[in-house]
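Novice: The structure is given below, and queries will be raised subsequently.
Just so you know, all these numbers are worked out from the coordinates, no wet-lab data involved. Given the structure is predicted, the values throughout are model-derived calculations rather than measurements. Note that each Cβ is placed from the backbone with ideal geometry, even for glycine, and that neighbours are counted across all protein chains shown.
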Amino acid sequence: MAENTKGDVIKADEASLSAIEAVRSLGNEILQDWATGRVDDSSKQLKDIETSVESKGKKKLKWHTTFGDVEVYERLFRCPGKQFRPFSYSAGIQNRGCSLPLQRVIVDFGADHAFGRVPEKLEEHYGIEIALSTIQTITESHARQMYEPEKVAQTIPVTAGCAVQI
């Protein structure tokens, strides 16, 4: 890219946009490779801990990141009365969920703009598409979490205090 062998990048802005796209692609590739390796490692760890589990197929697991969507096939395990998804549990992700860095970006945009404008901002700045309902849910969830400590602090104790404070 730096050598511009195709000769199609003439202006500095074009070079900048090309570099951003290359970094996004590299970030996505790194996350994809990490996830693929962790799927096998987490399965082995589960088998070491729970010896009675049996493999019962695979399920696709996809989540959103600031580098784009990451997708792997996760092995499912079962033993009587329980089902295990070791990778999603150990990695702390859910199918169709959003990574914490992406949640922070969504909340920043959601706090500054109307929800309807956030998808176009995500597309413009990160090249990713997220459903409006997901954006609204994440932003409102983080807003509720901000006010939780405040509610606790405003609670008046029901027990009597001390008679004299020294």
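Novice: Within the chain, what's the longest run with no GluC sites (Glu not before Pro) in a DSSP loop and at most 14 other beta-carbon atoms within 10 Å? Give the range, please. It would help to have the intermediate numbers written out before the result.
Specialist: On the way: sites that count: 3, 50, 129.
Result, exposed sites excluded: 51-128.
Novice: Find how much the distance from residue 58 to residue 23 grows on full extension, using 0.36 nm per residue of separation minus their present alpha carbon separation; answer in nm with one decimal.
Specialist: Details: separation 35, 0.36 × 35 = 12.60 nm, distance 3.06 nm.
9.5 nm is the gain from fully extending residue 58 to residue 23.
Novice: Distance in nm between label sites at residue 96 and residue 34, each 7 Å beyond Cα in the beta-carbon direction?
Specialist: In this crude label model, residue 96 to residue 34 measures out at 2.4 nm.
Novice: Another question, then. If the label point is 7 Å along Cα→Cβ of residue 14, which residues in the range 112-127 have backbone nitrogen under 17 Å from it?
Specialist: In the range 112-127, the label zone of residue 14 (backbone N under 17 Å from the point 7 Å along Cα→Cβ) covers no residue.
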